[in-house]
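The values are calculated or read from the model by the stated rules, or taken from the named source; none is laboratory data. Everything numeric here is computed off the predicted structure, so don't read it as measured data. So basically every Cβ, Gly included, is an ideal-geometry build from the backbone, and we count neighbours across all protein chains shown.
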There are 2 protein chains.
Amino acid sequence: MFIAMNRFRVRKTMEEAFEQRWRSRGSRLHEMAGFAAFHLLRGPESDDHTLYVSHTIWKTQDDFIAWTKSAQFRDAHKDAGTGPSLTIGHPIFEGFESVPMTEIVNQTNAFSD
Amino acid sequence: MFIAMNRFRVRKTMEEAFEQRWRSRGSRLHEMAGFAAFHLLRGPESDDHTLYVSHTIWKTQDDFIAWTKSAQFRDAHKDAGTGPSLTIGHPIFEGFESVPMTEIVNQTNAFSD
């Protein structure tokens, strides 16, 4: 399992506009091999920003890399950088591999919002 | 959905020992109401450390809070701070709520390592 996260520092008072921008985006992630789940996460608040993380689960890192080279990716990012800046600085990307160990999962609760 | 993450800066050359410490821990997370999934994630490397994240998915933040006050939590952390330090500084906790939007999930691929 590979999780791709982008960390966004969203300016105070801009949170609702930031969430709305994500809600209104089209997504073609479901067309991609190895795609498992996407969530936008709202995290801790600081004095000048609220941390948001885009959180995408893939079967493998190769599936994620294929996505970054796809027409679907270009389509999803064609409006990036347009409109007023809602964030402080650029998003910071972090990619994670799950460490093999006995998996602990309760499927009943997985992804039930 | 609530995701609790703890960020660990693991000293270079200590990664295998850190993973082994997690593998050998008992877990009673599956006993907790609202528990969905636990993964240990290995992230980007820097000059002096590799970033690891403990990543636990709960149905709600209240379920997570109940865990932090439980006997199961005390049991899981009874050995914390013992043994040689494998990390730089203390772990940094970040809690995240998923932002309500149309959920994008491919259940076939969810949590298949």
* Name, by its number, the condition in (1) surrounded by fewer than 18 Cβ atoms within 10 Å (Cβ to Cβ); (2) at pLDDT below 95; (3) touching a Phe, Trp or Tyr at 6+ places or on another chain (Cβ under 7 Å) that does not hold for B:L29. => (1)
* Given the conditions (1) over 25 Å from B:W58 (Cα atoms); (2) exposed (fewer than 13 other Cβ atoms within 10 Å of the Cβ); (3) basic (K, R), report the number of the one that A:R23 does not fulfil. => (1)
* Asked: Before we move on, is A:R25 of a type in the set (D, E, K, R) and touching a Leu at 6+ places or on another chain (Cβ under 9 Å)?
  -> no
* Structure fact -> Going through (1) buried (at least 17 other Cβ atoms within 10 Å of the Cβ); (2) of a type in the set (S, T, Y); (3) modelled with pLDDT under 90 one by one, A:T82 fails only at (1)
* Asked: Out of the range A:20-38, which residues are within 15 Å of A:N6 (Cα to Cα) and in contact (Cβ under 8 Å) with a residue 60 or more places away in the chain?
  -> A:A37
* Asked: Do we find a residue being at pLDDT below 75, surrounded by 15 or more Cβ atoms within 10 Å (Cβ to Cβ), of a type outside the set (S, T, Y) and more than 19 Å from B:V99 (Cα to Cα) anywhere in the range A:60-67?
  -> no
